[in-house]
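Report on the following structure.
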Amino acid sequence: MKKILFITSLIAITFSACEKPTQTDLTINFTQTVDGNRLITGSGCSDGGECFHDHSCCNLGKTLGYTNDAGENYNIQTLKYLISDITLHSDDGNTLLLDEVHFIDISDASTFSFTVKDVPNNNYTSISYTMGLDTIRNINNLYINESYHSAMAWPETNGGGYHYMKLEGAYNNDSTFYNTHTGGTMGGDYSFNNMEDISLTVDDDLGDISVNVNMEINNWYNSPNQIEFSSYGMGIMMNMMMQMNIQMNGITDVFSIDVSK
Amino acid sequence: MKQLICCVLATILLFSCKKEGCIDPIALNYNPDVHINNGSCEYITTTPYDIITPYGFPDMIIPEDNPMTFEGVELGRKLFNDPILSANNTLACINCHMPESSFSDPNQFSTGIDGFLGNRNSSALINLGWSSSFNWDGSVKSLEEQAFEPVTNSLEMHNSWNNVENTLNQDEEYLLLFKQAYNIDYIDSTHVVMAIAQFERTLISNNSKFDKYSRGEEVFTKSELNGFAIFNSERGDCFHCHGTSLFTDNLFHNNGLDVEPFLDLGLGKITENTSDNGKFKTPTLRNIEVSAPYMHDGRFATLEKVIEHYDSGGHFSSTVDPLMKKLGVGLNLTNQEKSDLIAFLKTLTDYDYITAE
């Protein structure tokens, strides 16, 4: 009996040793641009580092350096958003959920990326992700123990759940502010899912990989719906039409993906 | 096999000449003169204190090295109420954090043992176990760390920790209580603040009219409902900073109180980042009715004055929060809307809490 056990375990060990462990780490980076240039805010830059402490680019961020299609000059002081259901799809029909919900806060460099260890070898042909939370996820207190719960909570009296995005700053002059807060106004679903083709072969011999998900901020305001801060800056949380217009702009050309190896 | 038994017997015989007793140094009846453990060791047993997560609250984060026990909480309560922590034995934590004022001070500034006034309004102590930064400027990250400060602050208890330790270690009752709670023979500052922090974590308010309304046990009046709607929409826009069941985002904002230069830099003094100047921690609005005066410097004596501030839109400065989007315009609430808002804020008063010991 002992001999049989010994032989069996020897065989098992031998076989498992032959199977190559997967060792590819995949990092998803969240970047932000305005007209193609990396975002600079009044309190720091989206590439992190020294800009958080009075670096010159922070001062630059306080100027109204950006312009939307409506001709309004503006800056960006707050940007917090949720990206959910970040999923890789492979050519054999399998899906791999990388993260259920990821919170990005432009004032916290630790939120700019996350890494998935030991991604299974495969040919991944597309990536999908949701801007905000769909109706399954956008439920009051569902993420009560997450760091973003209090910063992103959306009042229950207005549909509940969470803000998809808080985008805030000044426009026209330093003391007029806009708040672009998107979420499930009156219980509606204004999240959207993007699926983009990528060519991503995960093979241990090829090394670690990163995928960048970029948000082109100015495009939230431009096309197909031109949005003026002077009309909507005071708040759109109760405005279903505006939630829909911003959702359409978001679907059109706000997000882009690139893969770097 | 026989050899082994012989061997064991021989060993027992060899050691039996020596005294038996408790050989474990952490046991209560540890005897350094004995060498054989006879199973008589007696240990301190603490009773775990379970924090039950209130409806709509996140789980409380409790430091692993300071688990909640009944003994620790009771010791912390005693310390909180005892002027022994102050240099001249006249001032206890509770004197500036009074239960009937939601564990804050109804005076704009509190008076220390030397008769000097502080420069910020005493914070209300409510639901602190759900926060990860303390003081108006967020200068400390844990309750334990926070409790170190008032004891030595020259405007407050003006004591030294050396003196606190000396005093406490001469007190038979405290020696026993610290032994029971933490199994220590010498009382040190670290365990003093640990006990106080344990007590503070039990200061939970979750039984206001708002809570009863949320649990479906009570109904709001028309005025309270209307106030709640103003609070929770961009009409009043209170919820962005005072949202969720905690009624605070636990973050720091400049809410447009002052123009520059700021008299008090707040968070900016701590982070040395000028973009944080003039920012202060959002206080919870629970028990706000009884925790007057308001703001970090207690400048507003009444809730009406607070509402007036937000209704006016506030003052511009380079770090004012973009959430203050009615700056220069004002909310322009009607008198009815203002009184509805105050009616709602008063539903956050927890009478069980402010009458608790």
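The mean number of Cβ atoms from other chains found within 10 Å of a Cβ in peptide B:239-246 is 5, as a whole number. For chain B, the longest principal axis of the Cα atoms and the long axis of helix B:2-16 meet at an angle of about 80 degrees. Packing order of peptides B:161-172, B:198-209, highest average first: B:198-209, B:161-172 (average count of other Cβ atoms within 10 Å over each peptide's residues). Seen through its C-alpha gyration tensor, with square-root eigenvalues sorted a ≥ b ≥ c, the protein assembly as shown comes out oblate because a/c lies at 1.5 or above while a/b is not bigger than b/c. Taking every alpha-carbon pair under 8 Å whose residues sit at least 6 apart, the range B:209-354 reaches a relative contact order of 31 percent.
Rounded to whole numbers, the Karplus 3J(HN,Hα) couplings from phi for the range B:323-337 are 5, 7, 7, 9, 3, x, 10, x, 6, 6, 6, 6, 4, 5, 4 Hz, using 6.51 cos²θ - 1.76 cosθ + 1.60 with θ = phi - 60°, and x at Gly and Pro.
I'd like to compare A:67-73, A:86-92: which one has the highest average count of other Cβ atoms within 10 Å, and what's the full order after that?
A:86-92, A:67-73
Using 0.36 nm per residue and subtracting the Cα-Cα separation, the extra length available between residue A:64 and residue A:140 on full extension is 23.8 nm. Along the axis of the charge dipole computed for the range B:79-192 (Cβ charges of +1 for Lys and Arg, -1 for Asp and Glu, origin at the Cα centre), the listed residues B:126, B:90, B:177 are led at the positive end by B:126.
Across the range B:70-201, Cα pairs under 8 Å and at least six residues apart give a relative contact order of 31 percent. With the simple spin-label model, which puts each label point 7 Å out from Cα in the Cβ direction, the residue B:351 to residue B:42 separation comes to 4.7 nm. Taking chain B as a Gaussian network of alpha-carbon nodes connected by springs under 10 Å, the highest mean-square fluctuation of the residues B:44, B:113, B:126 belongs to B:44. Counting Cβ atoms of other protein chains within 10 Å of each residue's Cβ and taking the mean over peptide A:69-80 gives 1. Mean separation of Cα pairs under 8 Å and 6 or more residues apart, divided by the residue count, gives chain B a relative contact order of 17 percent. Amide H to amide H, with H built 1.01 Å from N, residue B:28 comes under 5 Å of B:42, B:43, B:44, counting only residues 5 or more places away or on other chains.
Here the Karplus relation 6.51 cos²θ - 1.76 cosθ + 1.60, evaluated at θ = phi - 60°, turns the backbone of the range A:224-232 into coupling constants of x, 9, 7, 10, 9, 5, 5, 8, 10 Hz, with x for every Gly and Pro.
Of interest is the spacing of the C-alpha centroids, which for the range A:76-132 and the range B:177-194 amounts to 47 Å. A cut-off of 5 Å between modelled amide H atoms, ignoring neighbours fewer than 5 places along the same chain, links residue A:154 with A:161, A:162, A:163. The order of the peptides B:285-293, B:151-159 by mean Cβ neighbours within 10 Å, most packed first, is B:285-293, B:151-159. When the Gaussian network model of chain B links Cα atoms closer than 10 Å, the mean-square fluctuations of B:100, B:272, B:144 top out at B:272.
Residues in the range A:113-120 carry Karplus couplings, in order, of 7, 9, 10, 9, 7, 6, 6, x Hz; the curve used is 6.51 cos²θ - 1.76 cosθ + 1.60 with θ = phi - 60°, and Gly or Pro positions show x. So if we plug the beta-carbon distance of residue B:88 and residue A:186 into 1/(1 + (r/R0)^6) with R0 = 60 Å, what FRET efficiency do we get, rounded to 0.05? The pair residue B:88/residue A:186 has a calculated efficiency of 0.50.
If you build a Gaussian network model of chain B, linking Cα atoms that sit under 10 Å apart, which residue out of B:55, B:30, B:294 swings the most? Result: B:30 has the largest fluctuation of those listed. Taking a ≥ b ≥ c as the square roots of the eigenvalues of the alpha-carbon gyration tensor, the range A:156-261 is classed prolate because a/c is 1.5 or more and a/b outweighs b/c. A full extension of the chain between residue B:302 and residue B:171 corresponds to an added length of 42.8 nm, given 0.36 nm per residue minus the alpha carbon distance.
Amide hydrogen proximity for residue A:118: with H placed 1.01 Å from N in the peptide plane, the residues at 5 or more positions away or on another chain lying under 5 Å are A:24, A:25, A:26. Between their Cα atoms, which of A:62/B:222; B:78/B:338; A:80/B:326; A:80/A:261; B:212/B:269; A:166/B:269 are more than 32 Å away from each other? Long pairs (Cα-Cα over 32 Å): A:62/B:222; B:78/B:338; B:212/B:269.
Bear in mind that the values in this text are calculations on the coordinates, not laboratory data. Since the structure is predicted, the reported quantities are computational estimates derived from the model, not experimental observations. Here Cβ is always computed from backbone atoms with ideal geometry, including for glycine, and neighbour counts include all displayed protein chains.
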